[in-house]
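The values are calculated or read from the model by the stated rules, or taken from the named source; none is laboratory data. Remember, predicted model here, so these are calculated numbers, not experimental data. When we count neighbours, we look across all protein chains shown, and the Cβ atoms used for this are built from the backbone with ideal geometry, even at glycine.
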Amino acid sequence: MRLDKFLSDAGIGTRKQIKEYIKNGMVRVDGEVAKRPEFSVDPEKNEIIFDNTNLTEGYAKYRYYLLNKPQGVVSATTDKHDTTVIDLIDTGFDKDLAPVGRLDKDTEGFLLITNDGKLSHMLLSPKKHVEKEYEVLTRNKVTEEDITKLEGGLDIGDEEPTMPAKAFIEDRDGKEVLHLILHEGRFHQVKRMLTAIGNEVVFLKRIRMGGLYLDETLEPGDYRELTDEELKLLSGKTDNERNK
Ligand code: URA
């Protein structure tokens, strides 16, 4: 990529300022003062230093963050009125990050944030059947009959009924929590499924995607990078296979 693009992504200034910085000899690539903004660099191989700060240390082309999405924040990259999930990620190189799918503004929990479009596509593709597990607090008690209906496929007003799902009730210190495991991700799907059985979602939290659970040590609004092991759990692939 171009040196000025890299420096811009690193957030050190505007393109105009960056041009000046380069002109003033403030940028070094592999120890040499860089002279041209269009100079071609590979941040995974070259060492790029701005004003004595190494910008390429720890740089990775693909970045993966697990966010415990808080309520009140929208799953978008930009928004005129609301805070977005990307606003919560403050890592320097965050320009090309996007959430993998959407959680409603009032939904909490597991949200993957990445710039790896391939992985994102794979996780969201209905054909791949990646499981998403939700914890649901409901207005009314969920009966065994409800569980059968939720699992069997429901008419929620779309052309097709929902795909078979898994559902069970967890007794958490006397409080009943419905777990709903879906293989698809339709708009407001959990809420519409509960409406279809004459109930209502009071609180919704996603706790898992594929083989990876939400890290319960993350408070709502907190995030951290995924480990390689966790990435494999999500994608079922090694680093090399994934980036091919
Ligand atoms: N289903 C919903 O209704 N809302 C979400 O945020 C996720 C799944």
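Considering only the stretch 212-233, state which residues are touching a residue at least 24 places away in the same chain (Cβ under 8 Å) and either closer than 18 Å to Gln189 by Cβ or out of contact with any strand residue (DSSP E or B) (no Cβ under 8 Å at 6 or more places or on another chain) (or both). Break it down into steps so the answer makes sense when it comes.
Filtering the stretch 212-233 down to residues touching a residue at least 24 places away in the same chain (Cβ under 8 Å) leaves 212-215, 218-226, 230-231.
Within the stretch 212-233, no residue meets the criteria.
Working carefully through the options Thr56, Thr91, find the one that is polar (S, T, N, Q) and either modelled with pLDDT of 95 or more or surrounded by fewer than 18 Cβ atoms within 10 Å (Cβ to Cβ) (or both).
Sole residue among the options that is polar (S, T, N, Q) and either modelled with pLDDT of 95 or more or surrounded by fewer than 18 Cβ atoms within 10 Å (Cβ to Cβ) (or both): Thr91.
Checking the conditions here, which among Leu204, Leu150 is within 14 Å of the ligand (Cβ to nearest atom) and in contact with a Ser or Thr (Cβ under 6 Å, 6 or more places away or on another chain)?
Unique residue meeting the criteria: Leu204.
Restricting attention to the stretch 181-195, and to residues there that are more than 13 Å from Leu154 (Cα to Cα) and within 9 Å of the ligand (Cβ to nearest atom), which single residue is surrounded by the fewest Cβ atoms within 10 Å (Cβ to Cβ)?
Phe187
Can you tell me which residue within the stretch 103-134, out of those that are among the charged types (D, E, K, R) and in contact with a Gly (Cβ under 8 Å, 6 or more places away or on another chain), is farthest from the ligand (Cβ to nearest atom)?
Glu131
Could you tell me which residue of the stretch 148-182 is farthest from Gly211 (Cα to Cα), considering only residues that are in a strand (DSSP E or B) and among the charged types (D, E, K, R)?
Among residues in the stretch 148-182 that are in a strand (DSSP E or B) and among the charged types (D, E, K, R), the one farthest from Gly211 (Cα to Cα) is Lys175.
Residues of the stretch 53-73 being more than 12 Å from the chain's Cα centre (by Cα) and farther than 17 Å from Asp4 by Cα, which ones?
If the condition is that a residue be more than 12 Å from the chain's Cα centre (by Cα) and farther than 17 Å from Asp4 by Cα, then Glu57, Gly58, Ala60, Tyr62, Pro70, Gln71, Gly72, Val73 are the ones that fit.
Can you report the number of residues in the stretch 74-86 which are touching a residue at least 12 places away in the same chain (Cβ under 8 Å) and either surrounded by fewer than 17 Cβ atoms within 10 Å (Cβ to Cβ) or away from the ligand (no atom under 14 Å from the Cβ) (or both)?
Result for the stretch 74-86: 4.
Checking Lys118 against (1) under 22 Å from Met193 (Cα atoms); (2) out of contact with any strand residue (DSSP E or B) (no Cβ under 8 Å at 6 or more places or on another chain); (3) surrounded by 13 or more Cβ atoms within 10 Å (Cβ to Cβ), which single condition isn't satisfied?
Tallying (1) under 22 Å from Met193 (Cα atoms); (2) out of contact with any strand residue (DSSP E or B) (no Cβ under 8 Å at 6 or more places or on another chain); (3) surrounded by 13 or more Cβ atoms within 10 Å (Cβ to Cβ), Lys118 fails exactly one: (1).
So which residues in the stretch 78-93 are touching a strand residue (DSSP E or B) at 6+ places or on another chain (Cβ under 8 Å) and under 18 Å from Asp106 (Cα atoms)?
Correct list: Thr78, Asp82, Thr83, Thr84, Val85, Ile86, Leu88.
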